[in-house]
Amino acid sequence: MSSVNMQILVGNLGKDPEVRFTNTQKKVATFSVATSEKRQGQEQTTWHNVVVWEKLADICEQFLKKGSKVYIQGRTNHREYTDRDGNKKDITEVIANEMRMLSPRTAGSDSAGQQSRPTQQQRPAEPPFNPDDDIPF
């Protein structure tokens, strides 16, 4: 019997993604995602550590900001590490293999999140169909 290790999160980023490179020059981005649920009339928030690699790290770095609503799919990973003071620490993280941005992107947003007036993009008019034109298939 095979086992499944899959986690799906829908929540908001707690801070901008932190990007770094490993010793082998692989790009990795880390960020936290808050998920919330109501229990007995109280809202309970859970924080999840998320790790993304390579191309997905590029996308997260470019488009995600603190507060962004995201869908994350990945696997749960538990690991141990030793901090700078020599103390052993345990960490649980989601190694993401899929990310979808759920926050609407606004036209004219600058890096500080301020919005200018959105502009309406116009689609170029398509030329009318002419049955005498060569069809490329």
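Where a number appears in this text, it was derived from the coordinates with a stated rule and is not lab data. Note that the structure is a prediction, hence the values are computed from the model and not measured. Don't worry about glycine lacking a Cβ; one is built from the backbone with ideal geometry, like all the others, and counts go over all protein chains shown.
Here are the numbers for this structure:
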{"quantity": "Segment 7-101 shape via C-alpha gyration tensor axes, a/c threshold 1.5", "calculated": "oblate"}
{"quantity": "Gain upon complete extension [Ser3, Ile91; 0.36 nm per residue less C-alpha separation]", "calculated": "29.5 nm"}
{"quantity": "Sites Thr22 and Tyr71 - FRET efficiency at Förster radius 22 Å, r taken between beta-carbons, to 0.05", "calculated": "0.30"}
